[in-house]
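To start, the structure under review is shown below, and the notes come after it.
The values are calculated or read from the model by the stated rules, or taken from the named source; none is laboratory data. Predicted model only: the values in this text are computed from it and were never measured. Because the Cβ atoms are built from the backbone with ideal geometry, glycine has one as well, and the counts that use them run over all protein chains shown. Note: areas computed on protein heavy atoms with side chains; ligands, DNA, RNA excluded. Shrake-Rupley method; radii C 1.70, N 1.55, O 1.52, S 1.80 Å.
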Amino acid sequence: MVSALGSAGYKCTTDAAYAICTSGAASVWVLTGSHPRPPVVSLHAAGPVATASAEIAKVLPKTLELAHINQGAEIAAWFGEQKGTAPGQATFGDWQADYSAEVDSEEPGTHLTLTDKLCTANCQAE
């Protein structure tokens with residue numbers, strides 16, 4: 001998936017557990033490892049909640065397509081319904097989606113994390 005993001009114009013780097021690919025103000029974090037598909041795909045954007053959510057919404061459909069997440073339209077629609085700082089969670093097929101927003105922190109922003117419920121080993125970063 002990281003090579004697909006790079007081919008789609010994202011700039012990618014890696015840290016200990018994640019490949020971090022950025023496009024504009026949004027970043028996509030992909031848990032690395034030898035999994036058949038990435039068990040965690042997380043999208044982040046900094047700034048006020050509305051602005052950060054709009055940045056994620058710009059890259060979300062393409063990111064879901066590149067990650068081969070079949071319920072992309074449903075996830076994008078659900079994400080569009082998440083407003084403000086109230087956390088949200090939903091299940092789409094094999095994927096659990098978690099929405100959160102931070103306003104009173106050193107790094108305000110919006111986060112959307114997709115976790116593969118079929119993953120059984122090394123499914124989270126240490």
Which order, highest average first, do 52-65, 107-120 follow once you tally other Cβ atoms within 10 Å for each residue and take the mean per peptide?
-> 52-65, 107-120
Angle between the Cα long axis of helix 72-81 and the longest principal axis of the chain, 0 to 90 degrees, nearest 10?
-> 20 degrees
Mind checking the angle between helix 49-66 and the chain's longest principal axis? C-alpha axes, 0 to 90 degrees, to the nearest 10.
-> 20 degrees
Total charge dipole magnitude, the chain, about the Cα centre, Cβ charges on Lys, Arg, Asp, Glu only, Debye to nearest 20 = 400 debye
Neighbourhood charge, 12 Å Cβ-Cβ cut-off, centred on V49 and excluding it, Lys, Arg +1 and Asp, Glu -1 | -2
Taking only protein heavy atoms into account and a 1.4 Å probe, give the accessible area per residue of the chain in Å².
-> 53 Å²
Dividing the helical contributions, -39500 (n - 2.57) per DSSP H run of n ≥ 4, by the residues of the chain yields a 222 nm value, nearest 500 deg cm²/dmol, of -8000 deg cm²/dmol
In the chain the accessible area split gives carbon plus sulfur, as whole percent at 1.4 Å, a share of 52 percent
Compute the separation of the alpha-carbon centres of segment 83-110 and segment 25-39 and state it in Å as a whole number.
-> 18 Å
Candidates for Cα Rg over 2.2 N^0.38 Å are [x] 1.31; [y] 1.06; [z] 0.98, and the calculated one carries label [z]
Under-5 Å amide H pairs with T32, H placed in peptide plane, nonlocal only | Y18, A19
Radius ratio Rg over Rh of segment 38-107, counting only Cα atoms, Kirkwood formula for Rh = 0.95
